[in-house]
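To start, the structure itself, in structure tokens.
The values are calculated or read from the model by the stated rules, or taken from the named source; none is laboratory data. Remember, it's a predicted structure, so these values are computed and weren't measured experimentally. Cβ coordinates were reconstructed from backbone atoms using ideal geometry, including for glycine residues, and neighbour counts include every protein chain displayed. These accessible areas exclude ligands, DNA and RNA; they are computed on the full protein's heavy atoms, side chains included. Shrake-Rupley method; radii C 1.70, N 1.55, O 1.52, S 1.80 Å.
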Amino acid sequence: MSVLKKIKVADLRLGMFLHGFDGPWLKHPFWKSKFLLDDAADVRAAHGSGLLECWIDAARGADVAPAARTSVPLVPVIPPAASANVPAPFAEELQRAANLCRDARAATVSMFNEARLGNAIDTRACLPLVTEISESVLRNSGALISLARLKTSDDYTYMHSVAVCALMVALGRALGMDEAGCRGAGMAGLLHDIGKAMVPLKILNKPGKLTDAEFEAVKSHPVRGHDLLFQGQAASDAVLDVCLHHHEKIDGSGYPHHLCNEAISLMARMGAVCDVYDAITSNRPYKAGWDPAESVARMISWKGHFDQAVLSAFIKTLGIYPTGALVKMRSGRLAVVVEQNPASLTKPVVKVFFSTKTNTYIPVERIDLALGEANDAIAGREARENWDAAGIDALWAGDLFRGVPGR
């Protein structure tokens with residue numbers, strides 16, 4: 001079991017096992033996320049980073065010196081479920097995901113600002129953040145994926161990158177990738193839209209219809225992002241490919257190169273699915289996000305857009321009725337999906353809250369539809385636009401809904 005302690009960065013010394021820094025990821029001096037400090041140069045780099053506090057794992061390396069131990073209080077041990085290899089309950093991981101969303105937003109804003117200044121992006125600096133996102137998804141894929149969807153339109157550009165990172169990790173696992181492969185997919189997702197840093201904000205945030213010239217400026221972001229990452233000389237071929245080709249379509253009608261079928265790499269086909277799903281379920285300056293279940297249904301109907309095998313794996317990851325979906329029950333009650341049952345995509349956990357028979361709100365009741373005593377089932381999707389979207393999302397996310405970055 002880990003023995004995690006928060007200490008001053010100035011108290012780091014050789015032999016300690018560094019678990020992570022307390023601060024924006026892009027300010028971290030190392031591309032590695034967790035490692036033993038066995039090189040004096042690494043200790044000096046940490047001391048000179050400008051960061052004030054960090055975490056060490058005293059079970060895997062040296063403990064704090066007695067003098068430092070008295071000046072910085074110890075923190076509680078993270079429960080075993082914090083390990084990426086130990087599944088975590090949805091509610092437990094949701095709290096971690098909320099904290100991660102805040103840190104990830106700050107890191108992504110910093111990364112986009114660097115790109116706007118014309119600075120090359122060193123993808124190695126993003127590795128700790130991608131690792132944290134990957135570990136959260138591997139513990140419970142629904143938590144971070146669902147929470148990252150609840151971004152405001154003002155935060156879309158930044159949190160979209162975080163959401164697609166998480167979706168790519170989950171999809172990678174569904175397609176049989178190992179942890180390293182999932183992290184690679186996550187890195188591609190985090191950086192896929194970095195080219196939008198080169199598009200004027202007044203165009204990205206325009207509430208009305210874009211002019212032809214403005215649309216062409218937006219369509220330039222894959223090429224501009226690819227060029228920016230290539231200049232950094234650290235991006236993998238997969239990251240460069242997803243950045244350049246996540247808007248390609250199987251039928252060849254996408255851009256920038258009108259690739260089709262097998263000419264589009266598996267990773268780029270994954271990026272296309274994840275990018276579109278988060279885009280259509282998110283609030284944008286010019287439209288409200290669609291309901292998750294409606295979005296899945298529409299994506300299935302778009303012939304020639306996606307690789308069908310990749311889309312099928314994606315749907316198995318989310319569920320036919322993803323978390324946050326509004327549904328009508330056979331009993332006439334309305335419910336919101338709050339958690340998935342991996343063994344049964346059509347029988348998630350829901351919270352009923354309204355009776356269409358009496359046209360009144362009813363006491364909220366949590367029902368696991370996979371259990372025999374549920375005595376109810378989903379009849380179909382319900383149009384979200386007829387209801388208070390914020391109230392629906394608060395039913396499954398609780399108080400964390402108000403803590404989503406930008407709200």
**Prompt:** Once fully extended, how much extra length lies between W302 and I203, figured as 0.36 nm per residue of separation less the alpha-carbon to alpha-carbon distance?
**Reply:** 33.0 nm
**Item:** Most fluctuating residue given options A279, A397, A234, as computed from a GNM of the chain linking Cα atoms under 10 Å
**Value:** A234
**Asked** Setting aside same-chain residues fewer than 8 positions from K202, which aspartates and glutamates have a Cα under 18 Å from its Cα?
**Response** D154, D155, D193, D212, E214, E216
**Fill in**
Residue span D237 to T346: 0.36 nm per residue of separation minus Cα-Cα distance leaves a gain in nm of 35.5 nm
**Request:** For K357, go through the aspartates and glutamates and keep the ones whose alpha-carbon is under 18 Å away, minus same-chain ones fewer than eight residues off.
**Result:** E365, D376, E382
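Could you work out what % of the accessible surface of the chain is carbon and sulfur, using a 1.4 angstrom probe and leaving DNA, RNA and ligands out of the count?
Details: 9600 of 17660 Å².
Of all accessible area on the chain, carbon and sulfur atoms account for 54 percent.
Based on the mean of other beta carbon atoms within 10 Å per residue, what is the order of 338-350, 139-151, most packed first? Let's see the in-between values first.
Numbers: 338-350: 18.3, 139-151: 26.9.
So the order, starting with the most tightly packed, is 139-151, 338-350.
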**Percentage, to the nearest whole number, of Cα pairs in the range 311-407 over 17 Å apart** = 50 percent
**Message:** Using only DSSP helix segments of four residues or longer, with each worth -39500 (n - 2.57), what per-residue ellipticity at 222 nm results for the chain after dividing by its residue count and rounding to 500?
**Reply:** -13000 deg cm²/dmol
**Item:** Zero-based 10 Å bins, Cα pair distances in the range 192-293, whole percents
**Value:** 15, 42, 37, 7
**Message:** Positive end of the dipole of the chain, charges at C-beta (+1 Lys, Arg; -1 Asp, Glu), about the Cα centre: which of H47, T317, A106 has its Cα farthest in that direction?
**Reply:** A106
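In percent, what relative contact order does the chain have, based on Cα pairs under 8 Å that are 6 or more apart in sequence?
Values: 773 pairs, mean separation 52.1, N = 407.
Relative contact order comes out at 13 percent.
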**Request:** For the range 247-376, just the Cα atoms, rotate onto the principal axes and tell me the three extents in Å, largest first.
**Result:** 54, 35, 18
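In Å², and per residue, what accessible area does the chain have when probed at 1.4 Å with the other protein chains present?
Numbers: 17660 Å² over 407 residues.
Averaged over the residues of the chain, the accessible area is 43 Å².
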**Request:** Using a cut-off of under 20 Å, list every residue of the range 188-210 whose amide N is near the label point 7 Å from the Cα of H257 along the Cα-to-beta-carbon line.
**Result:** 188-196
**Fill in**
For 122-134, 197-209, ranked highest to lowest by mean beta-carbon neighbours within 10 Å, the order is 122-134, 197-209
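Beyond 35 Å, what share of the Cα-Cα pairs of the chain is found? Please give it as a whole percent.
Details: 24936 of 82621 pairs.
Percent of Cα pairs beyond 35 Å in the chain: 30.
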**Asked** What's the Kirkwood radius of the range 86-137 in Å, using all Cα pairs?
**Response** 12.3 Å
